[in-house]
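One structure is given here, and the rest of the page talks about it.
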Amino acid sequence: MIRLLATFLCLLASPLAAQCRQALALGLDVSGSVDSREYRLQLDGLASALRRPEVAQLILSNPATFVRLAIFEWSETGHQRVLLDWTDLRRADDLQRIGQRLNATKRSAAPQGTAVGSAMLTGADLLASQTDCWRRTLDLSGDGKHNLGPHPRDVKKALQNQGITINGLVIGADDPATGDVRYVQVGELSAYYQAWVILGPDAFVEVALGFEAYEDAMTRKLIRELEGLELSTAPVHSVDIADLVRPIPFDPAQ
């Protein structure tokens with residue numbers, strides 16, 4: 001009996017008994033407003049954020065409860081490209097390989113439109129297969145509002161009872177013709193994502209003032225999500241939108 005009990009305990013402690021604590025789907029905006037340089041900053045920024053020691057430590061903190069990651073690009077309705085299918089993150093080598101893969105990824109031809117609602121549905125479809133994970137989260141990065149496809153407002157209502165969380169990372173980008181308008185743009189887009197995109201009791205919006213700041217914003221967002229699950233009482237390390245922009249009225253008709 002003692003031998004059988006010892007064998008049972010060994011099985012529980014083995015990798016076979018490991019459980020997925022979080023399924024994390026990352027959706028990256030590659031619509032027409034994102035040029036080749038910004039595309040590179042986005043992918044390389046994500047690769048670097050995953051390699052950051054503070055992020056890697058949280059991801060790999062407990063071998064018995066691992067994080068599962070998927071990454072996709074989105075633009076118009078019907079244009080979503082999976083860059084990384086669901087992958088268990090168990091060792092530092094896993095993060096290095098994913099980073100190298102992102103660094104080596106070349107941009108494909110993408111339509112000009114921005115279908116935020118369709119991107120939400122794509123992320124939800126990916127997460128639907130991960131019911132064995134304790135938490136399922138979609139992270140949607142974007143630098144603009146939707147201009148075709150289903151409205152995010154309607155998609156959010158449809159996903160209310162799916163048991164998923166949707167967080168946003170909004171990017172303020174300059175228009176060379178009008179000068180630096182990032183503070184205005186990120187304020188409007190943050191309000192838009194707050195109203196129509198993010199979903200779940202702990203959902204939040206992170207901000208990046210330009211694609212150059214994407215790596216740092218992604219790092220803050222990953223830390224907040226991973227700390228929220230690992231240590232529910234841990235302090236949140238994220239930029240307060242109010243510290244970056246003044247409140248901007250949001251037009252619900254948009």
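Just a few scattered comments:
- Residue list for the range 201-215, restricted to those being touching a residue at least 60 places away in the same chain (Cβ under 8 Å) and either aliphatic (A, V, I, L, M) or out of contact with any helix residue (DSSP H, G or I) (no Cβ under 6 Å at 6 or more places or on another chain) (or both): E212
- Within the set D132, D143, D139, the sole residue that is loosely packed, with under 14 Cβ neighbours inside 10 Å, in contact (Cβ under 8 Å) with a residue 60 or more places away in the chain and touching a strand residue (DSSP E or B) at 6+ places or on another chain (Cβ under 9 Å) turns out to be D132.
- Filter result (over 16 Å from G168 (Cβ atoms), in a loop (DSSP other than H, G, I, E, B) and not hydrophobic (A, V, I, L, M, F, W, C)) within the range 97-137: T105, K106, R107, S108, P111, Q112, G113, S129, Q130, T131, D132
- You will find that of D94, D85, the residue that is assigned to a helix (DSSP H, G or I) and without any contact (Cβ under 8 Å) to a residue 24 or more places away in the chain is D94 and no other.
- Count of the range 61-99 residues which are acidic (D, E) and closer than 15 Å to Q22 by Cβ: 2
- In the range 161-172, of all residues being part of a loop (DSSP other than H, G, I, E, B) and touching a Leu at 6+ places or on another chain (Cβ under 7 Å), the one that is farthest from A119 (Cα to Cα) corresponds to G172.
- Check on V67, surrounded by fewer than 19 Cβ atoms within 10 Å (Cβ to Cβ) and in a strand (DSSP E or B): no
- Every residue from the range 115-129 that is surrounded by 15 or more Cβ atoms within 10 Å (Cβ to Cβ) and either at pLDDT below 95 or charged (D, E, K, R) (or both): none
- Matching residues in the range 86-104 - criterion: being surrounded by 18 or more Cβ atoms within 10 Å (Cβ to Cβ) and within 19 Å of D35 (Cβ to Cβ): L102
The values are calculated or read from the model by the stated rules, or taken from the named source; none is laboratory data. What you see is a predicted model; the values in this text were computed from it and never measured. When we count neighbours, we look across all protein chains shown, and the Cβ atoms used for this are built from the backbone with ideal geometry, even at glycine.
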